[in-house]
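*Asks:* Below you'll find the structure I mean.
The values are calculated or read from the model by the stated rules, or taken from the named source; none is laboratory data. Keep in mind it's a predicted model, so treat the numbers as computed, not measured. Quick reminder, even Gly has a Cβ in these numbers, built from the backbone with ideal geometry, and neighbours come from all protein chains shown. Accessible surface is based on the protein model in full, side chains and every heavy atom, while ligands, DNA and RNA are left aside. Shrake-Rupley method; radii C 1.70, N 1.55, O 1.52, S 1.80 Å.
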Amino acid sequence: MNVLHVASECSPFFKTGGLADVLGSLPKALIKQGINVSVILPKYGHLSDEWQNQLTLKKSFTVSVTWRNQYCGLEQFVDQGVTYYFIDNEYYFKRERLYGYLDEAERFTFFNHAVLSSLPFLDESPDLIHCHDWQSGLIPAYMKTGSVENPVPTVFTIHNLRYQGAFPLDVFRELLHFAPEHFAGLEMDGAINFLKGALVHSDRVTTVSPTYAQEIQTPAFGEGLHGLLHQERGKTRGILNGIDLEDFDPKTDPHVTYPYKHNQMEKRKNKQVIQRLFELPERKDIPLIAMVNRLVEEKGVPLLTQIAGELVTTENVQLAILGTGDPSLEDQLHHLASLHPHQISFKCVFAEPLARKLYAGADLFIMPSRFEPCGLSQMISLRYETVPIVRETGGLYDTIQSYNEEIGKGNGFSFTHYNAHDFLYTIKRALRFYRTEKEWENLLLNIYNSEVGWDVSAKQYTALYEEILGKRKVEA
Ligand code: GLC
């Protein structure tokens, strides 16, 4: 079975978020299931020389975006069994950032058209195309509207419903190649919506956790599309993300100063490393709580800014925060750190090596998201044997079970309502267990036994592909 994944970012080439991590690891897991996997991406301006030197030009041709014809280079590179294709057009993609330009509709229309034009030139002609997020949302729509000569089935994965690719109505006439009768399948609240086009036309929709698949059918999480998502629920599945267990391994991670596995004595040496880097007192006995995140409202940063002061004045703890984002949240965190310099430290940078050191050095990891399609950080935290404290939403709900001392079950701590005091109460509850050695050891044992790899989910995707291609009886 040949499956082509289409996405706008993929580790280690280009990354702004979790989407890139998934594209960097899921294909390798699918290969282990016997699937031939390729990935096709835009070639942005900052591909490092390490990769650039390994690319070969497979074909060049022109791609039309309505009446304009644009150059398109199709470049190729194979790594660990996965074939990567890059769509080269410097006008659209050789820019400083990946996203956030005024001509976003045109850039990604070009990308979708270029992917479709590339299909005849790929080494393996795909049996199925798996698209990710709105940037590849037109492909399912073109497949179902008579524009593609040999259409193939499509799967569309929602990584975050908040980002939909909604543009002015003129886009339909000026950029897209659909016949007028297909307007309704792309229009949503007076805009052309690439994500809607994908939801309507794809053969299956998946979300990155089972709980998120349910949540998005409600007004609170549906971002205006809950009605449509409810209607399409029959073709929707929730399949949990995993993380790459080789890449994220505290025993072999080159950024971890003192490698460890199931050994808290060794792990705690890394706490000192973090305390030094974050300029906090070097004290092994003080619990260290970490946050590594994009600093935006939806990640629950406002809950932290509301309770951080009370937390550090009532508890002997340290708080190390890493990330960048909304300037007003960054300002609030700087302010909190200046008020409590011995307990709160904030590094306003996005730096993967430092993030890994922090996962290794912290005792507890907080992720109080308002919504979370899946979330990878809580799984990395489990892998680095750091106890997660999360809000029960989306993938956080599906991966973290709150510790229950009565039966000794659970791999972290969680709270139900998006509320600062419930969050504070849950941190305090976790700290109580931190100081009770026996319970803490038991909790850590449960963490060591938590599965965070791709095995189960890669099987679920394979079953889904087989179901679509008619190779498996559809389960009721
Ligand atoms: C998005 C979501 C995140 C998810 C990731 C990968 O970034 O916000 O929850 O883990 O995509 O699917």
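*Asks:* Taking residue 434 as the residue in question, decide whether it is over 25 Å from the mean Cα position of the chain (by Cα) and surrounded by 13 or more Cβ atoms within 10 Å (Cβ to Cβ).
*Replies:* So residue 434 fits the description; yes.
*Asks:* Related question: Failed condition for residue 350, given (1) more than 15 Å from the ligand (Cβ to nearest atom); (2) open to solvent by 10 Å² or more (accessible area, probe 1.4 Å), with all others met?
*Replies:* (1)
*Asks:* Do any strands (runs of 3 or more DSSP E) entirely within the stretch 47-166 hold 1 or more residues that are under 19 Å from residue 16 (Cα atoms), and if so, which? I'd like the intermediate steps shown before the answer.
*Replies:* Values: elements: 56-65, 68-79, 82-88, 128-132, 154-158.
The qualifying strands (runs of 3 or more DSSP E) are 82-88, 128-132, 154-158.
*Asks:* When the stretch 93-133 is examined, which residues are found to be closer than 13 Å to residue 39 by Cβ and buried (at least 24 other Cβ atoms within 10 Å of the Cβ)? Spell out the reasoning first.
*Replies:* Of all residues in the stretch 93-133, those closer than 13 Å to residue 39 by Cβ come to 115, 118, 122-124, 126, 129-132.
Scanning the stretch 93-133 gives 115, 129, 130, 131, 132.
*Asks:* Now, a different point. I'd like the full set of residues that are open to solvent by less than 10 Å² (accessible area, probe 1.4 Å) and either within 16 Å of the ligand (Cβ to nearest atom) or part of a helix (DSSP H, G or I) (or both), limited to the stretch 167-208.
*Replies:* 194, 195, 197, 198, 199, 205, 206, 207, 208
*Asks:* Among the numbered conditions (1) within 15 Å of the ligand (Cβ to nearest atom); (2) open to solvent by less than 10 Å² (accessible area, probe 1.4 Å), tell me where residue 397 comes up short.
*Replies:* (2) is the only condition that residue 397 fails.
*Asks:* Taking residue 380, is it touching a strand residue (DSSP E or B) at 6+ places or on another chain (Cβ under 9 Å), in contact (Cβ under 8 Å) with a residue 12 or more places away in the chain, open to solvent by 10 Å² or more (accessible area, probe 1.4 Å) and in the same structural domain as residue 126 (by TED's automatic domain parsing)? Step through it out loud before you land on a result.
*Replies:* Working: touching a strand residue (DSSP E or B) at 6+ places or on another chain (Cβ under 9 Å): yes; in contact (Cβ under 8 Å) with a residue 12 or more places away in the chain: yes; open to solvent by 10 Å² or more (accessible area, probe 1.4 Å): yes; in the same structural domain as residue 126 (by TED's automatic domain parsing): no.
No: the conditions fail for residue 380.
*Asks:* So, in the stretch 1-47, of the ones that are among the polar types (S, T, N, Q) and closer than 14 Å to residue 87 by Cα, which residue ends up nearest to the ligand (Cβ to nearest atom)? Before you say what the answer is, go through the steps one by one.
*Replies:* As a first pass, look at the stretch 1-47 and keep what is among the polar types (S, T, N, Q): 2, 8, 11, 16, 25, 33, 36, 38.
With closer than 14 Å to residue 87 by Cα added as a condition, the list becomes 8, 38.
Working: 8: 12, 38: 20 Å.
The qualifying residue nearest to the ligand (Cβ to nearest atom) is 8.
*Asks:* Conditions first: (1) closer than 20 Å to residue 423 by Cβ; (2) within 26 Å of the chain's Cα centre (by Cα). Residue 351 passes all but one, so which condition is the exception?
*Replies:* Tallying (1) closer than 20 Å to residue 423 by Cβ; (2) within 26 Å of the chain's Cα centre (by Cα), residue 351 fails exactly one: (1).
*Asks:* Further question: Kindly indicate whether any position in the stretch 244-254 is at pLDDT 95 or above, open to solvent by 20 Å² or more (accessible area, probe 1.4 Å), in a helix (DSSP H, G or I) and of a type in the set (Ser, Thr, Tyr).
*Replies:* Taking every residue of the stretch 244-254 in turn, none turns out to be at pLDDT 95 or above, open to solvent by 20 Å² or more (accessible area, probe 1.4 Å), in a helix (DSSP H, G or I) and of a type in the set (Ser, Thr, Tyr).
*Asks:* If you don't mind, another one. Take residue 90 and tell me if it is at pLDDT 95 or above and crowded, with 19+ Cβ neighbours inside 10 Å. Walk me through how you get there before you give the answer.
*Replies:* Numbers: at pLDDT 95 or above: yes; crowded, with 19+ Cβ neighbours inside 10 Å: no.
For residue 90, the condition - at pLDDT 95 or above and crowded, with 19+ Cβ neighbours inside 10 Å - is not met.
*Asks:* Looking at the stretch 239-275 only, could you name the residues that are touching a residue at least 40 places away in the same chain (Cβ under 8 Å) and either aliphatic (A, V, I, L, M) or within 16 Å of the ligand (Cβ to nearest atom) (or both)?
*Replies:* 239, 240, 241, 242, 243, 244, 245, 247, 248, 256, 273, 274
*Asks:* Quick one: which of 298, 315 is out of contact with any strand residue (DSSP E or B) (no Cβ under 9 Å at 6 or more places or on another chain) and either farther than 23 Å from residue 440 by Cβ or of a type in the set (A, V, I, L, M, F, W, C) (or both)? Don't jump to the end; show me each part of the working.
*Replies:* On the way: 315 fails: either farther than 23 Å from residue 440 by Cβ or of a type in the set (A, V, I, L, M, F, W, C) (or both).
After ruling out the rest, the residue left standing is 298.
*Asks:* Report the residue count in the stretch 18-55 for those that are open to solvent by 20 Å² or more (accessible area, probe 1.4 Å) and farther than 19 Å from residue 111 by Cα.
*Replies:* 15
*Asks:* I'm trying to understand the selection: among the residues of the stretch 308-329, which are surrounded by fewer than 17 Cβ atoms within 10 Å (Cβ to Cβ) and either of a type in the set (Phe, Trp, Tyr) or closer than 25 Å to residue 372 by Cα (or both)?
*Replies:* Once the filter is applied, which keeps residues that are surrounded by fewer than 17 Cβ atoms within 10 Å (Cβ to Cβ) and either of a type in the set (Phe, Trp, Tyr) or closer than 25 Å to residue 372 by Cα (or both), the stretch 308-329 yields 324, 326, 327, 328.
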